[in-house]
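The values are calculated or read from the model by the stated rules, or taken from the named source; none is laboratory data. Computed from a prediction, not measured in an experiment: that's the story for all the values here. For neighbour counting, all protein chains shown are included, and Cβ atoms are generated from backbone atoms with ideal geometry for every residue, glycine included.
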Amino acid sequence: MFENAKFVIDSREAFEGCVFVALKGEKTDGHLYVNEALGKGAVLAVVEREVDVPKEKLFFVRNTRIFLQELAAQKLSRYNPTIVGITGSNGKTTTKEMIYKCLDSGLAFRNPGNLNTEIGLPLAVLNDYEGQKYAILEMAMNKPGDITTLCRIAQPHVAVLLNVGTAHRGVAGGTEQILTGKLEIVQNMHKDGIAIVHSDQRILERIKERNVITFGFQKGDYYLDNYTYESLSTVAFYRTPNGSKVLRFSTIFNVGQLINVAAVLAVFDVLKLEVDLSKLENFVPVTGRFKVQQIEGVYIIDDTYNASLESFKVAVETLKKLGKKTYAVVGSIKEQGSFSEETHKELGKILEQLDGVFVYNIDHEIDTMECSKIVLRSDQPDVIVSKLRSLLNPKDAVLFKASRAIAMENVLKLFTGGSTV
Ligand code: ADP
């Protein structure tokens with residue numbers, strides 16, 4: 001009955017012919033918006049309880065969330081694609097996009113980065129999956145159990161665990177919970193599946209499964225051995241069980257992303273896919289994920305999409321190797337809950353390695369950060385931009401980074417004169 005249906009969960013996005021699914025969230029209840037969705041052309045509303053609209057417009061289920069998940073699982077089992085599941089604290093979207101871009105578009109499906117949750121992933125599968133042979137799916141977790149739910153919908157044949165860090169630890173409960181939660185992708189992969197995991201001791205100690213390949217920096221089955229920057233490109237040396245590879249990237253600089261390429265190489269080998277690696281070499285990072293451009297000789301790094309301690313560490317390491325003098329415009333790392341003060345203290349230590357730090361403190365959570373390199377703190381983008389401009393010289397590098405909620409791209413846009421990187 002729902003074969004070709006397009007599902008919508010936000011009544012503001014309802015359109016002629018769609019099916020509206022009323023979900024109960026923390027803030028509001030979709031059942032309150034059934035009327036509005038029908039008014040905008042929804043042909044049916046999937047609901048858990050009575051709503052004051054014509055009966056024939058309602059489809060009753062016990063749990064609308066589970067309804068979406070089960071329907072997506074049924075669709076996937078009908079087409080039976082090879083599923084590559086990707087999780088980790090940092091780099092999911094970029095890694096998924098790298099794999100996807102190297103495959104023919106008719107061959108692979110991937111879920112958009114913001115549709116990677118227990119609601120988003122089913123929606124992406126139901127609305128956009130068209131029976132492709134490979135489904136490359138990023139899987140996000142907020143709390144232990146989330147990845148198990150996602151694996152029930154789409155059980156990975158290849159389970160990629162990129163890394164385990166502190167991102168969203170305020171929501172997850174702590175680093176141990178994050179590790180436990182992310183390991184679920186290995187525990188819940190297909191019985192004949194293969195896991196590709198970061199060669200991090202904390203992860204390896206907890207893995208009992210046998211079908212495991214490791215990747216990392218200078219260790220693992222697939223690893224980044226070394227890398228250098230030449231003008232505006234990166235030369236990276238990889239070792240794999242099938243020999244060495246030298247890749248020249250025109251737009252990837254971030255050492256974390258370069259390490260994740262080792263996982264990408266492992267995925268292709270596991271799937272026995274001969275891909276044209278020049279597609280990987282020419283991969284353009286997703287906006288806001290460490291995109292580098294040079295303006296008047298200065299390296300400008302747009303890493304505004306998000307931030308965690310680990311991605312900051314990697315960004316600073318990369319910056320130090322890229323620029324003569326290094327600067328950063330930074331904002332809060334959000335979703336740290338009771339860890340917030342500790343996180344920002346730690347961030348201050350990481351930033352000590354730079355030549356100058358500008359704090360964009362619109363939310364003030366970062367006010368607890370101490371760092372001797374702070375040039376100024378301001379909630380005014382123009383104040384930051386004019387001081388920063390006065391300091392920069394050719395070959396210097398400047399990073400723009402904060403959690404999504406800070407909208408650091410506004411400062412970057414002002415700095416670059418309106419154009420994003
Ligand atoms: P996610 O989808 O997991 O949020 P993204 O691909 O959007 O990841 O990248 C988010 C940030 O993580 C970017 O700033 C990127 O440079 C950084 N990053 C990517 N891989 C790593 C890694 N292995 N370690 C630390 N940071 C990384």
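A compact table of results
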{"read-out": "Any hit, the range 80-96, residues being closer than 20 Å to residue 286 by Cβ, surrounded by fewer than 18 Cβ atoms within 10 Å (Cβ to Cβ) and more than 17 Å from the chain's Cα centre (by Cα)", "value": "no"}
{"read-out": "Unmet requirement for residue 262, which otherwise passes all of (1) within 14 Å of the ligand (Cβ to nearest atom); (2) over 22 Å from residue 85 (Cβ atoms)", "value": "(2)"}
{"read-out": "Residue ID - nearest to residue 312 (Cα to Cα), chosen from residues in the range 239-259 that are near the ligand (Cβ under 10 Å from one of its atoms) and among the β-branched types (Val, Ile, Thr)", "value": "255"}
{"read-out": "Pair list, Cβ < 6 Å and 6+ apart or interchain, from the range 1-19 residues that are free of Cβ contacts under 8 Å to residues at least 12 places away in the same chain to residues that are among the aliphatic types (A, V, I, L, M) and surrounded by 12 or more Cβ atoms within 10 Å (Cβ to Cβ)", "value": "none"}
{"read-out": "Complete set of residues in the range 79-94 that are within 7 Å of the ligand (Cβ to nearest atom) and either over 21 Å from residue 148 (Cβ atoms) or touching a Ser or Thr at 6+ places or on another chain (Cβ under 7 Å) (or both)", "value": "89, 90, 91, 93, 94"}
{"read-out": "Subset of the range 230-252 [within 18 Å of residue 396 (Cα to Cα) and exposed (fewer than 13 other Cβ atoms within 10 Å of the Cβ)]", "value": "230, 231"}
{"read-out": "Qualifying residue in the range 366-379 (condition: assigned by TED's automatic domain parsing to the domain that holds residue 305, closer than 20 Å to residue 305 by Cβ, in contact (Cβ under 8 Å) with a residue 40 or more places away in the chain and surrounded by 15 or more Cβ atoms within 10 Å (Cβ to Cβ))", "value": "no"}
{"read-out": "The listed residue being touching a residue at least 40 places away in the same chain (Cβ under 8 Å), in contact with a Lys or Arg (Cβ under 8 Å, 6 or more places away or on another chain) and more than 16 Å from the ligand (Cβ to nearest atom), out of 45, 108, 73", "value": "73"}
{"read-out": "Residue under evaluation residue 269, criteria (1) assigned to a helix (DSSP H, G or I); (2) farther than 21 Å from residue 396 by Cβ; (3) not assigned by TED's automatic domain parsing to the domain that holds residue 213, criterion not met", "value": "(3)"}
{"read-out": "Residue within the range 298-307 that is more than 16 Å from the ligand (Cβ to nearest atom), touching a Pro at 6+ places or on another chain (Cβ under 8 Å) and of a type in the set (A, V, I, L, M, F, W, C) present", "value": "yes"}
{"read-out": "Condition check for residue 399: assigned to a helix (DSSP H, G or I) and either modelled with pLDDT of 95 or more or among the aliphatic types (A, V, I, L, M) (or both)", "value": "no"}
{"read-out": "Strands (runs of 3 or more DSSP E) contained in the range 139-229 and holding at least 2 residues within 13 Å of the ligand (Cβ to nearest atom) and buried (at least 22 other Cβ atoms within 10 Å of the Cβ)", "value": "158-161, 194-198"}
{"read-out": "Residue within the range 266-274 that is closer than 30 Å to residue 371 by Cα and away from the ligand (no atom under 13 Å from the Cβ) present", "value": "no"}
{"read-out": "From 298, 275, residue being closer than 21 Å to residue 100 by Cβ and touching a residue at least 12 places away in the same chain (Cβ under 8 Å)", "value": "275"}
{"read-out": "Meets criteria (under 30 Å from residue 216 (Cβ atoms), modelled with pLDDT of 95 or more and more than 16 Å from the ligand (Cβ to nearest atom)) for residue 20", "value": "no"}
{"read-out": "Meets criteria (on the phi > 0 side of the Ramachandran plot and either crowded, with 22+ Cβ neighbours inside 10 Å or free of Cβ contacts under 8 Å to residues at least 24 places away in the same chain (or both)) for residue 25", "value": "no"}
{"read-out": "Filter result for the condition that a residue is within 16 Å of the chain's Cα centre (by Cα), within 21 Å of residue 77 (Cβ to Cβ) and in contact (Cβ under 8 Å) with a residue 60 or more places away in the chain, over 136, 147, 178, 194", "value": "147"}
